[in-house]
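Heads up, the thing below is written out as structure tokens.
We did not get these values from a lab; they are worked out from the coordinates using the rules stated. Just so it is clear, the model here is predicted, and its values are computed rather than measured. In this analysis, Cβ positions are derived from the backbone assuming ideal geometry, glycine residues included, and neighbour counts consider all displayed protein chains.
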């Protein structure tokens, strides 16, 4: 059985993060993760929107809410390597080599990540030490980790046929 | 002289896109672009916020607004290769090899990109043919194009010292 990649997005705020969190979910799916778990404020529209994408564009990809992010980390830590993406961490380039091909829990935060997350994680990894975006950090991490292999989605209703110009969806 | 990389974000809407556009700007800077140009609604807070990041974290990186995106594309087309990032385009993997090391204008859209953009561009490139995020698409494209080399920023007031755990900023 191949390794499972889970993403945990902590500190979601309905008003401020709706779109960024949606992008995090879409990126997690598109770049090969198996699930995303949101903590922070419960946002049913966010969950519903992402599940609709899975229904239309294929899966498997699971989307769920869990109030207590600490519980998620502690549970996953038993069977997965826990990686926290933060601009304050060590360089992706060096750290990614240490990560074995096993189950992963990849944590991305919002504005302010509680200090304990740095300590509960096995690796604190910086996708550049510059301020940018958790959406980008997640995409780059998954892209590098998967070695650019694109995931094949099953049960998709929609599929794009790549075009030089214009759009083609079947 | 080395090539200039410019990013054009079209169709910005103040209310809906404020944070996503900010992330686009931060990603453009962090992953080695030289400037970002926003079109759509003029959003002074967006420009101000990004310029503050450049002031604190270093540059050079320029941020500006241009009402008419068509004018920008036509002007840049004379001296740059115009690349439109879209899920409907051809695969990044294959297309990126065709792009020579010269000036680039990288276009990212919001929800709906006018059809003419597909025709004004030299390349329509898909960073996966799955729905995800212009923030992620831009990051992956710049990361691949720069071959993972991190940019050195000048005149920074703040700099992170990578840590295994915790935060250190000098």
Choice from A:124, A:44, A:103 with maximal GNM fluctuation in chain A (Cα, 10 Å cutoff) = A:44
In degrees, nearest 10, range 0 to 90: what is the angle between the Cα axis of helix B:44-57 and the longest Cα principal axis of chain B?
-> 50 degrees
What relative contact order, as a whole-number percentage, does chain A give when Cα pairs under 8 Å and 6 or more residues apart are counted?
-> 29 percent
Shortest first and in nm to one decimal, what separations exist between residue A:78 and its copies in the other chains, measuring from label points 7 Å along the Cα-to-beta-carbon line?
-> 6.7
What is the Cα coordinate range of the protein assembly as shown on the first, second and third principal axes, sorted by size from largest, in whole angstrom?
-> 57, 51, 37
If you average the sequence gap of Cα pairs under 8 Å that are 6 or more apart and divide by the length of the range B:74-169, what percent do you get for the contact order?
-> 31 percent
For the range A:1-48 and the range B:36-50, what is the separation of their C-alpha centers, rounded to whole Å?
-> 27 Å
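How would the range A:28-84 be classified by its alpha-carbon gyration tensor: rounded, prolate or oblate, with rounded meaning a/c under 1.5 and the a/b versus b/c comparison settling the rest?
Values: a/c = 2.89, a/b = 1.39, b/c = 2.08.
Oblate, since a/c reaches 1.5 and b/c is not below a/b.
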Cβ-vector label at 7 Å, residue A:150, separations to other copies in nm = 3.1
Note: residue A:48 to residue A:64 extended length (0.36 nm per residue) minus current alpha-carbon separation gives 4.8 nm
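At a Förster radius of 41 Å, what calculated FRET efficiency corresponds to the Cβ-Cβ distance of residue A:164 and residue A:74, to the nearest 0.05?
Numbers: r = 50 Å, r/R0 = 1.21.
Efficiency, rounded to the nearest 0.05: 0.25.
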Copy-to-copy spacing for residue B:131, label 7 Å out on the Cα-to-C-beta vector, in nm, shortest first?
-> 3.1
Under 16 Å from a label point 7 Å along Cα→Cβ of residue B:156: give me every residue in the range A:78-105 with its amide N that close.
-> A:86-93
Nearest beta-carbon of A to the rotation axis carrying it onto B: which residue, how many whole Å?
-> A:135, 2
In nm, to one decimal, how far is the modelled label at residue B:100 from the one at residue A:4, with both set 7 Å along Cα→Cβ?
-> 5.1 nm
